Amino acid sequence: MANNSDRGKFWPYMILGFLAIGITLGYWTVKHAIGMPVNESNEYMMKYQTAEKKANEIIEAQQRFDRRYDLKLEGMTLSDFKPVHLKRKPGPIVALGPVNTVSYRITDKSGAPVNDANVTLLLTRPQTAADDQIFKDIPGKNGLYTVADLKLKKPGRYILRVRAQKGDAIKYQDTAGYYKPKK
């Protein structure tokens, strides 16, 4: 006859096994999470928490700007770069080089130049903030706000993110750019 005293004593080992698996998985998760870089969104040139809190104000300010003024990127040529893996159709992509001049024209709805807007340009790359370049308080002349000698070190995709403010009207505009690698 079998010894019945050993039956039912396996459960403490099972609990210890599950506890060991849980601790191991927790350690693995923390180790890999620490190793991954975290970049905050710079969608509206502010922390994403602030942008979420002020979302309605941002939308209203952009609508005010669109009713009063026009913002247009000038002097850039379109790139022949075609993203392969995008499911959506991309907008226009401008060609970038090692040294660039970026100009934005701001006019009111009647076509008169706006010279006293507060314009900021952020050159950024998707998924990283390591190569960000920001240009604040760009001076305007005849409605043209220009950043000259914009230098790029690495080829690839970029985003030209501009913020133009005139009074209580603010406009955020993104333009995709591509710096073609040398062959």
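Can you give me the angle between helix 11-35 and the longest principal axis of the chain, using Cα atoms only, in degrees from 0 to 90, rounded to the nearest 10? Long axis of 11-35 versus the principal axis of the chain: about 20 degrees. Spin-label model, Ala129/Val30: points 7 Å from Cα along the beta carbon direction are separated by 2.5 nm. 3J(HN,Hα) couplings calculated from phi for segment 165-170 with the Karplus curve 6.51 cos²θ - 1.76 cosθ + 1.60 (θ = phi - 60°) are, in sequence order, 10, 9, x, 8, 9, 10 Hz; Gly and Pro show x. The phi torsions of segment 128-138, fed into the Karplus equation with coefficients 6.51, -1.76 and 1.60 and a -60° offset, translate into couplings of 8, 10, 5, 9, 4, 10, 10, 10, 9, 6, 5 Hz, rounded to whole numbers, with Gly and Pro shown as x.
Dividing the mean sequence gap of close Cα pairs (under 8 Å, 6+ apart) by how many residues segment 105-166 holds gives a relative contact order of 42 percent. Among the protein heavy atoms of the chain, carbon and sulfur supply 57% of the accessible surface, probe 1.4 Å, non-protein parts ignored. Sorting 13-22, 56-65, 115-124 by average packing, meaning the other beta carbons within 10 Å per residue, from highest down gives 115-124, 56-65, 13-22. Summarising the overall dimensions of the chain from its C-alpha atoms, the Rg and Dmax are 26.5, 103 angstrom. Just the accessible area for Arg68, please: 1.4 Å probe, Å², rounded to the nearest 10? Solvent-accessible area, nearest 10 Å²: 90 Å².
Against the chain, whose longest principal axis is taken from its Cα atoms, helix 55-68 shows a tilt of about 20°.
Ranking Met76, Pro139, Ala164 by how far each Cα lies toward the positive end of the dipole of the chain (charges on Cβ) leaves Met76 at the top. Could you tell me which of the pairs Lys47/Lys151; Lys53/Lys154; Lys31/Lys82; Lys54/Lys151 are separated by over 31 angstrom between their Cα atoms in the structure shown? Violating the 31 Å Cα-Cα cut-off are Lys53/Lys154; Lys31/Lys82; Lys54/Lys151. Entry note, the chain: the mean residue ellipticity at 222 nm calculated from DSSP H runs of n ≥ 4, each adding -39500 (n - 2.57), is -8000 deg cm²/dmol after division by the residues and rounding to the nearest 500.
Under a 1.4 Å probe, what is the accessible area of segment 28-183 per residue, stated in Å²?
Heavy-atom accessible area per residue stands at 66 Å².
The values are calculated or read from the model by the stated rules, or taken from the named source; none is laboratory data. In this text, all values refer to a predicted model and were calculated from it rather than measured experimentally. As a convention, Cβ positions derive from the backbone with ideal geometry for all residues, glycine included, and neighbour counts pool all protein chains shown. Calculation scope for accessible area: heavy atoms of the full protein, side chains included, ligands and nucleic acids excluded. Shrake-Rupley method; radii C 1.70, N 1.55, O 1.52, S 1.80 Å.
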